[in-house]
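These notes are about the structure you will find just below.
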Amino acid sequence: MNEFFASSASWLATFLLHSTLWLGGVALLLRLRPGASATLRDFLWRAALVASVLTPTAQWIAAEGMGWQPFGGAFRFGATESETQVLPVVEMVEPSMTVFVGTEPTATLEQTPIAVPLQMTGLQLPPPVELTTTRQQAAWLPVALGLWLLGATLGVGFLMRGTMRFRRSLGRREVVGESASARALRKLLTRAGKGAQGVQLTTSESLRVPVALGVFRREICVPKRALRDLPPTQQRAMIGHEFAHLLRRDPAWLGAFELARRV
C-alpha cells in the first residue's frame with residue numbers, strides 16, 4: 001500500500017508539471033500568434049490535452065517500471081532509503097621473506113607489497129558493519145492523496161450531475177420529419193460519407209438554442225420555434241453549424257477537457 005501511495009503521488013506531481021508546461025506553452029504560443037487559424041488552434045489544444053496525459057505516464061513507466069532515470073530527475077515521495085556497507089579491513093605491509101638451508105641463508109626475495117588481512121597480523125578486527133536499509137513512510141502522503149481523491153470524486157460527480165440535469169432540461173424530444181432542416185442534414189450526410197452516418201435530428205419545445213449531442217449516438221437537437229420561424233437558408237446554416245461540431249467530435253473532446261479539469 002505504501003508503494004501505491006508513493007507511486008500515485010509521483011504520477012500526479014509529474015502530471016502537474018507536464019500539463020502546466022504543455023497547456024501553458026500552447027496558451028503562450030497562441031497569444032504570440034493571434035492570427036493563427038481556427039484549425040491550428042483546435043489542433044494545438046487537443047494535442048496539449050493528450051500530451052499532458054501521455055508524457056507523464058511514459059515518464060512514470062520509465063522510472064517506476066524500467067528503472068530509467070528521466071532527464072531532469074523524477075519525483076519521489078513517501079520513502080527514504082539509506083545503505084551503508086564496510087568491507088573487511090586490510091593493511092598493506094612489505095615483509096622480507098628469507099629461505100634458509102641448514103643455518104645459512106641461500107636466497108632473499110625482493111620485497112614485494114602484498115595485501116595481508118589483519119587476522120594474519122594478530123591484530124583484532126573491528127566488528128563488520130552489516131548492510132542496513134531504512135525506509136520511512138511520509139505520514140502526510142495518504143492524507144494528501146485522500147484529499148485529492150475526494151476532490152476528484154466530487155468534481156466528477158458534479159460533472160455527471162450537470163450533464164444529467166442538462167439532458168432533463170431538454171424535455172421530450174421528437175424526431176424531425178420532412179423539413180428544410182431535415183433535407184439539409186441528409187445532404188450533409190451524403191457529402192460527409194460513411195463516417196458521418198447515424199446522426200439524428202430532433203426538436204424540443206424547451207430548448208432555446210440548437211445543440212450537438214452524443215459521442216456514440218450523435219444527435220442534433222433544435223428548438224421547435226426555429227423550424228417554424230427561420231427561413232430555409234437559415235435552417236441550413238443552423239444544421240450545418242451543429243453538424244460540423246459532430247464531425248469534429250466536439251462533444252467528446254469537451255467532455256474530456258471537463259473531466260481532466262475536475263480530476
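Things to note:
- Long-range HN-HN contacts of Ser179 with modeled amide H, under 5 Å: none
- Whole-Hz couplings from phi, Karplus 6.51/-1.76/1.60, listed for region 52-63; x for Gly and Pro: 5, 9, 6, 5, x, 5, 5, 5, 5, 5, 5, 7
- Modelled this way, with points 7 Å down the Cα-to-C-beta line, the labels at Asp42 and Arg208 are 2.6 nm from one another.
- About the Cα centre, charge dipole magnitude for region 167-227 (Lys/Arg +1, Asp/Glu -1 at Cβ), debye: 120
- Applying 1/(1 + (r/R0)^6) with r as the Cβ-Cβ distance of Phe4 and Arg261 and R0 = 22 angstrom yields a FRET efficiency of 0.35.
- FRET efficiency, Leu21 to Ala139 (Cβ-Cβ, R0 22 Å, nearest 0.05): 0.10
We did not get these values from a lab; they are worked out from the coordinates using the rules stated. Given the structure is predicted, the values throughout are model-derived calculations rather than measurements. Virtual Cβ from ideal backbone geometry, glycine too; neighbours counted across all protein chains shown.
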